[in-house]
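Please treat every number below as a calculation from the coordinates, not as lab data. Quick caveat: nothing in here was measured; it's all calculated off a predicted structure. Ideal geometry is used to build each Cβ from the backbone, glycine not excepted, and the neighbour counts take in all protein chains shown.
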């Protein structure tokens with residue numbers, strides 16, 4: 001479903017381009033759940049944002065294939081309509097736009113893209129109310145402006161609600177677990193867990209292992225300094241929890257030194 | 001012939017056709033106003049209050065000054081104005097500045113309420129108008145006000161006796177039919193103590209282009225009375241619109257003003273509120289949306305003359321294309337006006353690099369025990385919000401339209417009068433067609 005090859009991404013800082021991702025290779029197949037872990041600044045959120053189409057980053061090398069096509073050919077809205085969903089780490093507040101309006105506009109944009117008729121108000125409300133109940137959300141939140149005045153937990157639930165309504169092919173959850181208490185974490189995790197299906201791939205970007213107690217991933221990747229330092233099964237997350245990020249960071253520092261050394265060697 | 005001479009010359013010809021021509025006091029007022037206009041002429045960019053708004057196009061307009069018979073009210077059908085009607089209101093319609101009884105409603109009025117055309121009142125009961133029309137004007141310095149005072153032909157008259165309540169809002173609808181015509185309308189609202197009414201002043205065109213509306217609305221609010229004045233300006237985008245609202249508030253009275261400006265090639269609104277006695281309150285809301293080469297100017301002035309007055313002002317602007325807008329909000333707290341409470345906000349959304357806003361809050365405070373605040377912002381659409389909407393499958397253009405709608409809709413949602421709010425929502429959607437029906 002998703003093939004990332006040698007992806008290099010930077011962000012403009014003044015006149016220079018600050019590299020963030022420095023050669024990511026990752027293959028995610030339908031039906032799989034991948035956890036992308038890493039310390040702050042390792043580039044894991046950047047990866048999530050770049051996949052969704054954020055234009056504040058610059059892709060300097062590499063490519064990403066999604067469903068066989070070049071992902072970078074598609075603007076963000078086309079990616080969404082083709083089934084990519086990003087649950088934001090910091091869901092954006094939009095005063096003046098009702099939550100239910102966004103949900104309906106998003107769903108109908110997708111349905112139109114697939115050549116399906118728009119849902120009418122009655123069918124839409126029935127769909128939404130079922131999902132709302134599962135997320136343990138108050139119906140009043142539908143009529144409030146998007147994320148405005150929502151608690152941290154409500155914002156995260158709202159992201160999962162959108163995901164459940166939009167039924168993406170590829171769901172990317174950017175630190176959806178951060179800032180949640182244990183009850184909210186469980187609701188969110190159940191919501192994600194129920195989305196697992198043979199047709200759908202899920203990428204969980206997370207700092208902590210605890211979300212993975214509820215959603216056991218097929219593969220775990222650990223990012224450090226813009227590269228995947230290690231990949232493995234669910235046991236890798238547990239080992240990381242035990243040994244801390246310094247363990248993989250140490251590897252990366254050694255790798256960088258070796259690389260710098262070989263470049264010097266080549267130039268000499 | 002200069003533009004000023006055009007107005008002077010036409011006056012000599014038309015004065016015998018203006019309403020109240022047999023009233024010596026009115027004739028004197030008109031002549032004096034004309035003399036004042038001859039002295040000042042049109043405002044120029046050198047006038048502080050007109051620094052950002054050039055009226056050269058009005059000056060050079062060469063407008064006709066009396067409507068032709070063939071475009072008279074009788075040629076407008078009720079169907080033609082159907083879209084402009086606000087359900088549930090009492091309606092007074094003016095076509096090219098003249099009262100159109102066939103289009104107006106003739107519902108019975110509550111006791112103590114008089115609704116009439118100003119011209120008709122000048123014919124049948126001029127003494128009721130005498131004290132209000134025959135008085136020195138505070139705005140006498142502005143050329144357009146003088147022109148209005150000289151040429152005023154008709155308008156709405158609303159009188160509320162003490163304690164009278166007009167439950168149905170009064171919809172005063174001005175329809176432009178004739179191209180290149182100047183109309184000078186005057187509305188007069190007199191609310192005796194304890195009375196209450198809501199007035200919608202609405203300006204629209206039925207096919208007319210290049211015309212010039214010069215309208216003045218005087219509102220006198222007695223003790224503990226309450227007047228709501230909602231204005232919807234949806235003139236032709238080829239028209240010129242110069243409007244003044246002057247409200248004078250007595251003790252404990254309240255005035256609520258909303259000004260929605262959407263039309264006009266050049267539109268200027270001056271709203272002047274005098275909190276002339278203790279405990280008077282006013283709220284001034286406004287929304288201007290300008291596109292293409294439209295120019296929109298709001299000048300407001302609130303005088304806190306006596307203690308314990310409250311004023312709240314909130315204006316928003318949306319500017320796209322090469323449009324230009326001016327917002328000047330002046331609040332004067334006089335030495336005698338202790339415990340005054342004034343707050344003013346102006347927020348602007350610039351959707352294009354070629355659009356421009358000049359916003360200027362002006363606070364003059366001569367008392368020491370007061371609470372005053374003001375703030376003005378100019379911004380663009382939030383890129384984070386645009387990306388969030390796009391990441392949900394909404395295309396970039398629709399995302400921008402949705403966010404623009406949300407910005408403007410805040411003012412529409414503050415409109416308590418439901419049929420007017422519905423009209424505003426409809427107009428807003430017309431401007432932003434990418435916003436789908438919720």
Degrees separating the helix A:121-134 axis from the principal Cα axis of chain A, which is the longest one: 60
Cα-based equivalent ellipsoid, the stretch A:129-235: semi-axes from gyration tensor eigenvalues, Å: 26, 15, 12
Mean separation of Cα contacts under 8 Å (6+ apart) over length of the stretch B:381-438, as relative contact order %: 35
Chain A shape via C-alpha gyration tensor axes, a/c threshold 1.5: prolate
Per-residue Cβ neighbour rank within 10 angstrom, fewest leading, B:37, B:94, A:150: A:150, B:37, B:94
Relative contact order %, the stretch B:3-120, counting alpha carbon pairs below 8 Å whose residues are six or more apart: 21
Shielding by partners - mean other protein chain Cβ count within 10 Å, residues of A:102-108: 4
R0 of 35 Å, Cβ-Cβ distance residue B:13-residue B:358: FRET efficiency to nearest 0.05: 0.35
Within a Gaussian network of chain A (alpha carbon springs, distance under 10 Å), most fluctuating of A:15, A:44, A:129: A:15
Zone residues, the stretch B:157-177, relative to residue B:109, backbone N less than 18 Å from point 7 Å out along Cα-to-Cβ: B:157-174
Relative packing of peptides B:146-155, B:81-90 - highest average C-beta neighbours within 10 Å first: B:146-155, B:81-90
Three-way shape call for the stretch B:3-277 based on the alpha-carbon gyration tensor, with the a/c threshold at 1.5: rounded
Peptide A:76-82, shielding by other chains (average Cβ, 10 Å cutoff): 6
Mean Cα-pair separation over length for the stretch B:280-390, i.e. relative contact order, pairs under 8 Å, 6 or more apart, %: 26
Per principal axis, descending, Cα span of the stretch A:1-94 in whole Å: 39, 36, 28
Calculated [θ] (222 nm, deg cm²/dmol) that DSSP helices of n ≥ 4 give over chain A, each run adding -39,500 (n - 2.57): -12500 deg cm²/dmol
Gyration tensor verdict on the protein assembly as shown (Cα atoms; rounded if a/c is under 1.5, prolate if a/b is larger than b/c, oblate otherwise): prolate
Sorted by Cβ density within 10 Å, fewest first, the residues B:212, B:63: B:63, B:212
Simple label model, 7 Å out from Cα along Cβ direction - residue B:74 to residue A:199, nm: 7.0
Least to most buried among B:28, B:316 (fewest other Cβ within 10 Å first): B:28, B:316
Förster radius 51 Å - calculated FRET efficiency between residue B:365 and residue A:74, Cβ distance, rounded to 0.05: 0.35
FRET efficiency for residue B:165 and residue B:45, using Cβ-Cβ distance with R0 set to 41 Å, rounded to 0.05: 0.35
CD proxy at 222 nm, helix term only [per DSSP H run n ≥ 4: -39500 (n - 2.57); per residue of chain B; nearest 500]: -6500 deg cm²/dmol
Projected label distance in nm at residue A:243 and residue B:338, using a 7 Å step from Cα toward the beta-carbon: 7.7
Two-site label geometry, residue B:32 and residue A:129: point separation in nm, points 7 Å out along Cα→Cβ: 6.9
Peptides A:181-193, B:125-137 ordered by average Cβ neighbours within 10 Å, highest first: A:181-193, B:125-137
Calculated SAXS-style log₁₀ I(q)/I(0) at q = 0.14, 0.17, 0.19, 0.34 Å⁻¹ - the stretch B:282-324, Debye, Cα scatterers: -0.45, -0.57, -0.64, -1.17
Averaged over A:142-148, number of beta-carbon atoms from partner chains that fall within 10 Å: 1
